[in-house]
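Here is the structure we will look at, set down as structure tokens.
The values are calculated or read from the model by the stated rules, or taken from the named source; none is laboratory data. Every value quoted in this text rests on a predicted model; they were computed, and no experiment measured them. Note that each Cβ is placed from the backbone with ideal geometry, even for glycine, and that neighbours are counted across all protein chains shown. All accessible areas refer to the heavy atoms of the entire protein, side chains included, with ligands and DNA or RNA removed. Shrake-Rupley method; radii C 1.70, N 1.55, O 1.52, S 1.80 Å.
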Amino acid sequence: MQNPYLPIPVVVSKIITEVETKDIKTFRLEFLNKEDEANFKYLPGQFAELSLYGKGESPIGIASSPTQPGYIEFTVQKAGVVTSSLHEIEEGTHMGVRGPLGNSWPIEYLEGKNIVVVGGGFAFTTLRSLINYMIHDDNRKRFGSITVIYGARTPGLLIYKDELAEWQKRSDINLNVTVDKGDASWKGREGFVPTVCKEVAPSSENAVTVICGPPVMIRFTLPVFFDLGFSKENIVTSLEMRMKCGIGKCGRCNVGSKYVCKDGPVFTLAELDKLTKEY
Amino acid sequence: MEKRYIKKDSLNGRVKKMAEAGLVYAPVKDGDNVLFQVLTPGMEPLTAYANSKNAPKNFFFPHTEKLMKYTRTEKGMAFSGELAEARDAVLFGVRPCDARSFVLLDMLFDQEKYRDPYYVARREKTTVICLACIHPPYTSCFCTSVDGGPTDAAGADILLTDLGERYLVEFLTPKGEKLEAHFAGEKAGDEADAQKQAITAQAEQEITSRIPAKEIKPILDANFEHPFWNTIHQKCLACGTCTYLCPTCHCFDISDEQKGDDGIRLRNWDSCMFPLFTLETSGHNPRPTQKERWRQRAMHKFKYYVDNFSAIACVGCGRCVMYCPVNIDIRKIVTDISKL
Ligand SMILES: Cc1cc2nc3c(=O)[nH]c(=O)nc-3n(C[C@H](O)[C@H](O)[C@H](O)COP(=O)(O)OP(=O)(O)OC[C@H]3O[C@@H](n4cnc5c(N)ncnc54)[C@H](O)[C@@H]3O)c2cc1C
Ligand code: SF4
Ligand code: SF4
Ligand code: FES
């Protein structure tokens, strides 16, 4: 019997400090056993429990894309016990990862549609996974136009800067990066995410919006998309609840009858409407 | 399946014999309480008792258990799984409500995707012998309101029914049949069924608590925001007694303990009645007060479990009713909900 509570052993092969405040780092993990890598089949939007022995586990969205073989990546903000300890480890450290867990962004449903990706702050992680997945040579044809609107408070808080620069060069993504407030060196857009969404005004024709960010951003952005004609079936987001088991057993992450760890974390707004507002 | 009679006064001795041959958990007197314990020489298994204070779920889902152990290495940590090798065991003397709780827990722990290997290994190796309640022991018993009954056998491998001078022994599963040798006795015929039916009818009649548990699901579907939820939690102390004693509550926490270079990962029972259960690192708590927590408890048992597994997650044992320090009564809550 497979034991879903046991982590898979991995080595931290690379650590990137993403932001100037240094409290967000991306960890690249490589599997210590090759067969574990082959078994770790995931899709963008899924998460995993990162396991630091003696500290515990934290559920973290998978920030890499399955089109990037050889490793998986997680972008983690320093918050409590586990994530702070993670921020102290060095490259070469052995740790554990348990997953992939949860459902994913609805890839099949997204196929053939125009995709609008909206992200705020460091919640951009699984959206980055989705973007890298869609723009991979093998997959790009399966999706229509790709519009990305991504915002952070300051230029120093934008994550994945190198990748943003790469995407900027491509003609097959309409990338809109914005900051609430720029600085002397910032030449890009200034403005809050909801405002930029209004300016970019992506068409709702055959389109799906995938949105992830702080609750206030989501609250002010959703009306913009309703005005643009997006239905609740065509707006998809990801929920966060405190988690432990990640497999629907420990009983703490439910919203109504649904377990966010197992039945989520990805839900359409139409699905969320049917659930209670207890999250 | 096979049915037999055994002499009433022989049961105690047979249980002790089983304990000589292997691992047996049985109800025993412990101070003022009756508790299930490993039967060792010199201990007297109870055959006529009301019910145990603790639900016997801990033999499959212990209060605390090791999930894995690990050792610090130069590079970080190496770990190994800690599947306690489950031993063949007999769980003797379970009451029908508690036996039924095993069926409910199986639905959660033994799902096709993500089987819980710790629970399943113990469950598969344990034979459950159930003692029917010919006289339901407490005024708070309400098994018949939640799909159970005082002589029901769901969750049991062997059912024993007290027929006065003798017990009727029913072997219900192949696992139960393996213990046939311990229950040597006269073969029982159809007359046993008639006698059992009469006893069942009588026992059911003795159950005075009847609640509309099966009618409230549609009401719960529609009333998540009802002001009624403001009326039950005020006196709740968030002590968690109700959930710890409940045979169907399954929530747990996972935590690490480290000493020097060695550590273990444990799972411990947890409770939706505790404020920390859902508290996030940011300080946000989706269930911020005891109101939301009590709503969760009621919803989980009478709606969410029904949505997910088509079964009510309460077996009517009455433990939460008897032991809540401030007398919050789930029977009253269910009845009140039915009138919303
Ligand atoms: C599906 C999902 C995806 C996530 N993705 C990311 C991500 O990509 N990057 C990131 O930085 N953070 C992410 N989070 C939030 C992250 O899980 C918490 O910040 C983290 O668990 C805090 O753990 P801690 O040990 O540092 O804090 P402590 O307060 O010490 O937490 C103790 C334990 O409580 C649980 N817990 C506490 N808060 C949360 C929470 N908000 N969500 C879930 N479990 C919690 C965890 O089991 C944690 O180990 C995600 C959460 C979920 C549910
Ligand atoms: S909710 Fe109360 S009566 Fe129902 S099974 Fe649990 S402890 Fe027994
Ligand atoms: S036993 Fe009573 S007081 Fe304690 S948590 Fe349960 S309902 Fe509240
Ligand atoms: S995290 Fe345990 S049930 Fe979802």
Matching residues, the range A:108-166, being within 20 Å of A:Glu205 (Cα to Cα), of a type outside the set (Lys, Arg) and either open to solvent by 20 Å² or more (accessible area, probe 1.4 Å) or more than 19 Å from the chain's Cα centre (by Cα) (or both): A:Glu108, A:Tyr109, A:Glu111, A:Gly112, A:Asn114, A:Gly144, A:Ser145
Selection within the range B:104-136 - of a type outside the set (Ser, Thr, Tyr), over 14 Å from A:Asn3 (Cα atoms) and touching a residue at least 60 places away in the same chain (Cβ under 8 Å): B:Leu104, B:Leu105, B:Met107, B:Leu108, B:Arg122, B:Arg123, B:Leu131, B:Ala132, B:Cys133, B:Ile134, B:His135, B:Pro136
Selected residue [touching a residue at least 24 places away in the same chain (Cβ under 8 Å), within 16 Å of ligand 2 (Cβ to nearest atom) and open to solvent by 20 Å² or more (accessible area, probe 1.4 Å)] from B:Met299, B:Met322, B:Met273: B:Met322
Filtered residues of the range B:75-101 (kept if within 14 Å of chain A (Cβ to nearest Cβ), of a type in the set (A, V, I, L, M) and either under 18 Å from B:Val38 (Cα atoms) or in contact with a strand residue (DSSP E or B) (Cβ under 7 Å, 6 or more places away or on another chain) (or both)): B:Met77, B:Ala78, B:Ala84, B:Ala86
Qualifying residue in the range A:206-227 (condition: of a type outside the set (Lys, Arg), within 16 Å of ligand 4 (Cβ to nearest atom) and within 24 Å of B:Glu292 (Cα to Cα)): no
Single residue of the range A:220-263 satisfying the filter (small (Gly, Ala, Ser) and within 13 Å of chain B (Cβ to nearest Cβ)) that is farthest from A:Gln2 (Cα to Cα): A:Gly256
Residue match in the range B:280-290 (condition: away from chain A (no Cβ under 12 Å), within 16 Å of ligand 2 (Cβ to nearest atom) and over 27 Å from B:Leu67 (Cα atoms)): no
A:Leu86, sole failed condition from (1) under 25 Å from A:Arg242 (Cα atoms); (2) open to solvent by 10 Å² or more (accessible area, probe 1.4 Å); (3) touching a strand residue (DSSP E or B) at 6+ places or on another chain (Cβ under 8 Å): (2)
Matching entry among B:Pro247, B:Pro275 (being at pLDDT below 95 and within 15 Å of ligand 3 (Cβ to nearest atom)): B:Pro275
Subset tally (residues that are farther than 18 Å from A:Gly99 by Cβ and either crowded, with 22+ Cβ neighbours inside 10 Å or within 6 Å of ligand 4 (Cβ to nearest atom) (or both)) for the range A:253-262: 2
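Residue-wise test of (1) more than 10 Å from chain B (Cβ to nearest Cβ); (2) within 16 Å of ligand 2 (Cβ to nearest atom); (3) touching a strand residue (DSSP E or B) at 6+ places or on another chain (Cβ under 6 Å); (4) open to solvent by 20 Å² or more (accessible area, probe 1.4 Å).
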{"site": "A:Arg28", "(1), (2), (3), (4)": "yes, no, yes, yes"}
{"site": "A:Asn33", "(1), (2), (3), (4)": "yes, no, no, yes"}
{"site": "A:Asp36", "(1), (2), (3), (4)": "yes, no, yes, yes"}
{"site": "A:Pro66", "(1), (2), (3), (4)": "yes, no, no, yes"}
{"site": "A:Thr75", "(1), (2), (3), (4)": "yes, no, yes, no"}
{"site": "A:Val81", "(1), (2), (3), (4)": "no, no, no, yes"}
{"site": "A:Met95", "(1), (2), (3), (4)": "no, no, yes, no"}
The listed residue being outside the structural domain of A:Val179 (by TED's automatic domain parsing) and either of a type in the set (Gly, Ala, Ser) or at pLDDT 95 or above (or both), out of A:Ser231, A:Ser257, A:Ser204: A:Ser257
Tally, over the range B:240-266, of residues that are within 10 Å of another protein chain (Cβ to nearest Cβ), under 23 Å from B:Asn58 (Cα atoms) and either hydrophobic (A, V, I, L, M, F, W, C) or more than 18 Å from the chain's Cα centre (by Cα) (or both): 10
Hits in the range A:5-26 - residues which are of a type in the set (S, T, N, Q) and either under 23 Å from A:Met243 (Cα atoms) or open to solvent by less than 10 Å² (accessible area, probe 1.4 Å) (or both): A:Thr26
Test: residue in the range B:72-92 that is at negative phi, free of Cβ contacts under 8 Å to residues at least 60 places away in the same chain, crowded, with 24+ Cβ neighbours inside 10 Å and out of contact with any Pro (no Cβ under 6 Å at 6 or more places or on another chain): no
